[in-house]
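The values are calculated or read from the model by the stated rules, or taken from the named source; none is laboratory data. The structure displayed is predicted, hence computed values, not measured ones. Here the Cβ positions follow ideal geometry from the backbone for every residue, glycine too, while neighbour counts run over all protein chains shown.
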Amino acid sequence: MSDLLLNTTVSREPLQASFSDAANPLGLDGIEFVEYATTKPQALGQVLEMMGFRPVARHRSREVLLYRQGDLNIVVNAHPSDARGATHGSDVPSISAMALRVRDARAAYHYVLERGAWAVTTHAEVMELNIPAIHGAGGSRIYFVDRYKEFSIYDVDFVPIPSVDQRPAATAGIGFFGVVQYIGSERSNDWIAFYSELFGTELIPDEQRFGIMPKGTLLRTPALDPAKRFMLQLVEPEVNVHDSDEKLQRIGLGVPDVLAAVTALRALGVEFVETPAAHTEQRGAITKTYLGSVVFELVHNEPHQGA
């Protein structure tokens, strides 16, 4: 987490100028992976394969599997200690981490620590990378990755599954659009400050909305490549609902043609919510909830346009 979410602006340490790029202080360049923690990796894997992902590699020393389609990477972490901790002993999967591509992981890590982020102590095993991380919503982690081009983190920590295509094509042009985060009541300003001061996000005007689930506050991240920008959607509980559970709730997937993507995913077995309040249309669609917590939202987004 961060001191930004506990201390008022007056009580914070003065900011230090560690980067020259004020608009993108970390050199953010999109999402490298989203991680689910689960005690039932096979069941979650079936859901991911329905969504077009394919298992491509296994971790060298942990019960962790990498799923991929196009430029999207999803890590399924079923390592016993990690899965029990992240799911709080529940059988329901949870989004336990997201990894951000940055210009320099070590510099980005120290930059956010200087501004009040809380460090996560990591213990790399033999032949593993030590990827710096800070605390995010609900005990989740935010990793910083600077190896994502010709040489990636997977080249060190994972072993490719034999005879499997390591770069399966994206179904219907799917790409990362953003992450939806549930937050506590009246916590929007705290989280806006957290992401703005640490990552350089910008607030999207209320009249500008995407998809069919427009609730909450939208933030857009900067990126070295404008097409790699992504959204963070902060959703407070409904009025008179006392729910302080903060978590990363679902992944938003951008597609150039929502109706075509829904048709392709339905052919793979995916079911979509079709009610008067939330139904498939060209702006977006939302899947049913699988395994008690796993849901994906489709949002219309032209390729190479960015969020």
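In region 219-229, is there at least one residue being small (Gly, Ala, Ser), more than 18 Å from the chain's Cα centre (by Cα), more than 16 Å from ILE174 (Cα to Cα) and in a loop (DSSP other than H, G, I, E, B)?
No, region 219-229 contains no residue that is small (Gly, Ala, Ser), more than 18 Å from the chain's Cα centre (by Cα), more than 16 Å from ILE174 (Cα to Cα) and in a loop (DSSP other than H, G, I, E, B).
Would it be correct to say that PHE151 is among the hydrophobic types (A, V, I, L, M, F, W, C), without any contact (Cβ under 8 Å) to a residue 12 or more places away in the chain and over 24 Å from GLN249 (Cβ atoms)?
Numbers: among the hydrophobic types (A, V, I, L, M, F, W, C): yes; without any contact (Cβ under 8 Å) to a residue 12 or more places away in the chain: yes; over 24 Å from GLN249 (Cβ atoms): yes.
Yes: the conditions hold for PHE151.
Looking only at residues that are surrounded by fewer than 12 Cβ atoms within 10 Å (Cβ to Cβ) and within 16 Å of PRO214 (Cα to Cα) in region 242-281, which one is modelled with the lowest pLDDT?
Once the filter is applied, the top-ranked residue is ALA277.
Would you mind telling me which numbered condition in (1) more than 21 Å from VAL75 (Cα to Cα); (2) buried (at least 21 other Cβ atoms within 10 Å of the Cβ) ILE174 fails?
It is condition (1) that ILE174 fails.
Mind checking whether some residue in region 80-89 is at pLDDT below 95, under 24 Å from MET231 (Cα atoms) and out of contact with any Leu (no Cβ under 6 Å at 6 or more places or on another chain)?
Within region 80-89, one or more residues are at pLDDT below 95, under 24 Å from MET231 (Cα atoms) and out of contact with any Leu (no Cβ under 6 Å at 6 or more places or on another chain).
Starting from residues that are part of a helix (DSSP H, G or I) and acidic (Asp, Glu), keep the ones in region 184-201 and report whichever is farthest from LEU234 (Cα to Cα).
Once the filter is applied, the top-ranked residue is GLU197.
Looking only at residues that are in a helix (DSSP H, G or I) and either aliphatic (A, V, I, L, M) or at pLDDT 95 or above (or both) in region 135-156, which one is surrounded by the fewest Cβ atoms within 10 Å (Cβ to Cβ)?
The residue in question is VAL156.
On the given criteria, is PRO276 free of Cβ contacts under 8 Å to residues at least 40 places away in the same chain and part of a loop (DSSP other than H, G, I, E, B)?
So PRO276 fits the description; yes.
Only one of these is among the hydrophobic types (A, V, I, L, M, F, W, C), modelled with pLDDT of 95 or more and farther than 30 Å from TYR111 by Cβ: LEU298, LEU218, LEU198, LEU203. Name it.
Going through LEU298, LEU218, LEU198, LEU203 in turn, just one is among the hydrophobic types (A, V, I, L, M, F, W, C), modelled with pLDDT of 95 or more and farther than 30 Å from TYR111 by Cβ: LEU298.
Which one of these is within 30 Å of LEU5 (Cβ to Cβ) and under 18 Å from the mean Cα position of the chain (by Cα): LEU234, LEU291, LEU298?
Just one listed residue meets the conditions, LEU234.
Every residue in region 279-307 that is of a type in the set (Lys, Arg) and in contact (Cβ under 8 Å) with a residue 24 or more places away in the chain, please. It would help to see each step written out before you state the result.
The first filter runs over region 279-307 and keeps only residues of a type in the set (Lys, Arg), leaving 283, 288.
Matches in region 279-307: ARG283 only.
Please verify whether LEU224 is assigned by TED's automatic domain parsing to the domain that holds ALA277 and in contact with a helix residue (DSSP H, G or I) (Cβ under 8 Å, 6 or more places away or on another chain), treating the condition exactly as stated.
no
Of everything in region 168-197, what is under 17 Å from ALA117 (Cβ atoms), touching a residue at least 40 places away in the same chain (Cβ under 8 Å) and in contact with a Ser or Thr (Cβ under 7 Å, 6 or more places away or on another chain)? Give them in sequence order.
Matches in region 168-197: ILE192, PHE194.
Just to be sure I understand the filter: pairs with C-beta atoms under 6 Å, separated by 6 or more residues or on different chains, first member in region 95-118 and farther than 25 Å from LYS247 by Cβ, second member in a strand (DSSP E or B) and of a type in the set (Ser, Thr, Tyr). Which pairs pass?
Going by the 6 Å Cβ cut-off, there are no qualifying pairs.
GLY211 - would you say it is assigned to a loop (DSSP other than H, G, I, E, B) and either small (Gly, Ala, Ser) or within 28 Å of LEU268 (Cβ to Cβ) (or both)?
Working: assigned to a loop (DSSP other than H, G, I, E, B): yes; either small (Gly, Ala, Ser) or within 28 Å of LEU268 (Cβ to Cβ) (or both): yes.
Against the criterion (assigned to a loop (DSSP other than H, G, I, E, B) and either small (Gly, Ala, Ser) or within 28 Å of LEU268 (Cβ to Cβ) (or both)), GLY211 qualifies.
State yes or no: is PRO237 in contact with an Asp or Glu (Cβ under 6 Å, 6 or more places away or on another chain), touching a residue at least 40 places away in the same chain (Cβ under 8 Å), part of a loop (DSSP other than H, G, I, E, B) and assigned by TED's automatic domain parsing to the domain that holds VAL179? Steps first, answer last, please.
Numbers: in contact with an Asp or Glu (Cβ under 6 Å, 6 or more places away or on another chain): yes; touching a residue at least 40 places away in the same chain (Cβ under 8 Å): yes; part of a loop (DSSP other than H, G, I, E, B): yes; assigned by TED's automatic domain parsing to the domain that holds VAL179: yes.
Spelling it out, PRO237 is indeed in contact with an Asp or Glu (Cβ under 6 Å, 6 or more places away or on another chain), touching a residue at least 40 places away in the same chain (Cβ under 8 Å), part of a loop (DSSP other than H, G, I, E, B) and assigned by TED's automatic domain parsing to the domain that holds VAL179.
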